[in-house]
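The values are calculated or read from the model by the stated rules, or taken from the named source; none is laboratory data. Please read all numbers here as calculations on a predicted model, not as lab measurements. Cβ placement follows ideal geometry from the backbone for every residue including glycine, while neighbour counts extend to all protein chains displayed.
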Amino acid sequence: MRARLERLRAAARDDRGSLSMAVVIWAPVVVLLMAFLVDVGLLISERTDASDLADQAARKVAQNVDQAWLKTHNTRGPNGESPGIRVDVDPGTGDCVPIAKQYLVDNGVQDATIASCQVTGNPTAQDLYVNPRITVTLRMQYKPLFVGFALKGDSTVTGTGTATPVIPK
């Protein structure tokens with residue numbers, strides 16, 4: 001009887017196979033966590049790309065300087081201020097979206113759309129000594145690789161970029 005009791009105690013203390021159960025339980029959790037981290041990292045990378053593209057599109061608009069304005073409005077201000085650089089936009093609407101879209105077309109970017117393009121502070125004959133600031137907002141679709149169900153499917157990524165025109169000296 002004593003030998004039988006010793007065998008039961010030894011069997012109760014035997015933990016062979018317990019590690020394999022922990023692996024079976026925790027492996028799917030670790031895999032899901034890694035997939036989620038990869039998708040979130042790619043989403044952050046996509047946001048960075050959207051901001052970079054928006055910056056580049058804003059620079060493209062800033063390069064579209066109104067040459068006639070530069071030729072006719074080139075006098076210095078009373079305190080030596082340089083006249084503002086006028087960005088050439090649609091005169092009726094002040095819209096610069098077509099120029100920003102053209103940047104995307106010229107560079108083969110197909111998965112992005114220009115949401116808005118605004119030129120603020122474009123100089124006028126009454127306010128000659130200001131420089132404009134171009135702000136472009138761009139949207140891209142992000143498709144998660146692994147855990148789209150957790151990120152609610154495709155996500156819209158928005159990037160905003162700004163630029164100011166400068167005439168090289």
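If I filter the stretch 109-128 for residues that are outside any helix (DSSP H, G or I), buried (at least 16 other Cβ atoms within 10 Å of the Cβ), in contact (Cβ under 8 Å) with a residue 60 or more places away in the chain and not acidic (Asp, Glu), do I get at least one hit?
Taking every residue of the stretch 109-128 in turn, at least one turns out to be outside any helix (DSSP H, G or I), buried (at least 16 other Cβ atoms within 10 Å of the Cβ), in contact (Cβ under 8 Å) with a residue 60 or more places away in the chain and not acidic (Asp, Glu).
Could you identify the single residue in Ser51, Ser82 that is outside any helix (DSSP H, G or I), surrounded by 11 or more Cβ atoms within 10 Å (Cβ to Cβ) and polar (S, T, N, Q)? Spell out the reasoning first.
On the way: Ser51 fails: outside any helix (DSSP H, G or I).
Criteria check complete, one pass: Ser82.
Quick check on my filter: what residues within the stretch 49-79 are hydroxyl-bearing (Ser, Thr, Tyr) and free of Cβ contacts under 8 Å to residues at least 60 places away in the same chain?
Within the stretch 49-79, Thr72, Thr75 meet the criteria.
When you check Cys96 against the structure, is it surrounded by 14 or more Cβ atoms within 10 Å (Cβ to Cβ), hydrophobic (A, V, I, L, M, F, W, C), over 20 Å from Leu70 (Cα atoms) and out of contact with any Leu (no Cβ under 6 Å at 6 or more places or on another chain), yes or no? If you could, list the steps in order and put the result at the bottom.
On the way: surrounded by 14 or more Cβ atoms within 10 Å (Cβ to Cβ): yes; hydrophobic (A, V, I, L, M, F, W, C): yes; over 20 Å from Leu70 (Cα atoms): no; out of contact with any Leu (no Cβ under 6 Å at 6 or more places or on another chain): yes.
No, not satisfied.
Among (1) surrounded by fewer than 17 Cβ atoms within 10 Å (Cβ to Cβ); (2) in contact with a Gly (Cβ under 8 Å, 6 or more places away or on another chain); (3) closer than 25 Å to Gly41 by Cβ; (4) of a type outside the set (A, V, I, L, M), there is one condition Thr137 misses while meeting the rest; what is its number?
(1)
Can we say Thr156 is surrounded by 12 or more Cβ atoms within 10 Å (Cβ to Cβ), within 24 Å of Arg47 (Cβ to Cβ), among the polar types (S, T, N, Q) and in contact with a strand residue (DSSP E or B) (Cβ under 6 Å, 6 or more places away or on another chain)?
no
Scan Ala62, Ala22, Ala3 and give me the residue that is closer than 30 Å to Ile167 by Cβ and either of a type in the set (Gly, Ala, Ser) or at pLDDT below 90 (or both).
So the residue among Ala62, Ala22, Ala3 that is closer than 30 Å to Ile167 by Cβ and either of a type in the set (Gly, Ala, Ser) or at pLDDT below 90 (or both) is Ala62.
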